[in-house]
1. Tally up the residues in segment 16-30 that are open to solvent by less than 50 Å² (accessible area, probe 1.4 Å) and farther than 16 Å from residue 3 by Cβ, please.
2. Return the residue satisfying two criteria in turn: it lies in segment 72-90 and is free of Cβ contacts under 8 Å to residues at least 60 places away in the same chain and crowded, with 22+ Cβ neighbours inside 10 Å, and of such residues it is nearest to residue 15 (Cα to Cα).
3. It is to be established whether one or more residues within segment 31-42 are closer than 23 Å to residue 2 by Cβ and small (Gly, Ala, Ser).
4. Kindly provide the set of residues from segment 100-115 that are more than 12 Å from the chain's Cα centre (by Cα) and either surrounded by fewer than 12 Cβ atoms within 10 Å (Cβ to Cβ) or more than 14 Å from residue 18 (Cβ to Cβ) (or both), ordered by number.
5. Over 13 Å from the mean Cα position of the chain (by Cα), touching a residue at least 60 places away in the same chain (Cβ under 8 Å) and buried (at least 21 other Cβ atoms within 10 Å of the Cβ): does that describe residue 11?
6. Looking at segment 53-65 only, could you name the residues that are within 13 Å of the chain's Cα centre (by Cα) and not in a strand (DSSP E or B)?
Amino acid sequence: QVQLVESGGGLVQAGGSLRLSCAASGSSFSIYTMGWYRQAPGKQRELVAFITSVGNTNYADSVKGRFTISRDNAKNTVYLQMNFLKPEDTAVYYCNAKFSFKGYWGKGTLVTVSS
């Protein structure tokens, strides 16, 4: 069982930056592929970025060049550095841990970008 707790959301002006963190409990954090998803009001949840156990990363086209995902296995934490934020980045951001057929979600953190 893995428990995930997101933090770092808030209100920011367009063009600003935020850093989200996701702290994981339990052992074997390093084997999980960790991902960030987001869900805007009235829209489906979508993948933002993920990082594999060996550090390979992938990003949604909409955030490439602006967001960076990273992980610190010693701290059981995954980060999402978000730069040059846009109003359309406004959403609840969720952390996800995946290994084989198991998947876990955090409760989310709200990011609001004002124009």
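1. Qualifying residue count, segment 16-30: 3.
2. Taking segment 72-90 and keeping what is free of Cβ contacts under 8 Å to residues at least 60 places away in the same chain, we get 72-78, 88-90.
Then drop every residue that is not crowded, with 22+ Cβ neighbours inside 10 Å, which leaves 78, 89.
Details: 78: 23, 89: 11 Å.
Per the criteria, the residue is 89.
3. To start, the set of residues in segment 31-42 that are closer than 23 Å to residue 2 by Cβ comprises 31-39.
The next check asks that each one be small (Gly, Ala, Ser); those that pass are 35.
Yes, the conditions are met somewhere in segment 31-42.
4. Step one: filter segment 100-115 for residues more than 12 Å from the chain's Cα centre (by Cα), giving 100-104, 112-115.
Scanning segment 100-115 gives 100, 101, 102, 103, 104, 114, 115.
5. Details: over 13 Å from the mean Cα position of the chain (by Cα): yes; touching a residue at least 60 places away in the same chain (Cβ under 8 Å): yes; buried (at least 21 other Cβ atoms within 10 Å of the Cβ): no.
No; evaluated as a whole, the condition is false for this residue.
6. Narrowing segment 53-65 to residues within 13 Å of the chain's Cα centre (by Cα): 57-60, 63.
Within segment 53-65, 60, 63 qualify.
The values are calculated or read from the model by the stated rules, or taken from the named source; none is laboratory data. As the structure is a prediction and not an experimental result, all values here were calculated from the model. Cβ sites come from the backbone with ideal geometry, for glycine too, and all protein chains shown count toward neighbours. Heads up: the accessible areas ignore ligands, DNA and RNA and are worked out on the full protein's heavy atoms, side chains in. Shrake-Rupley method; radii C 1.70, N 1.55, O 1.52, S 1.80 Å.
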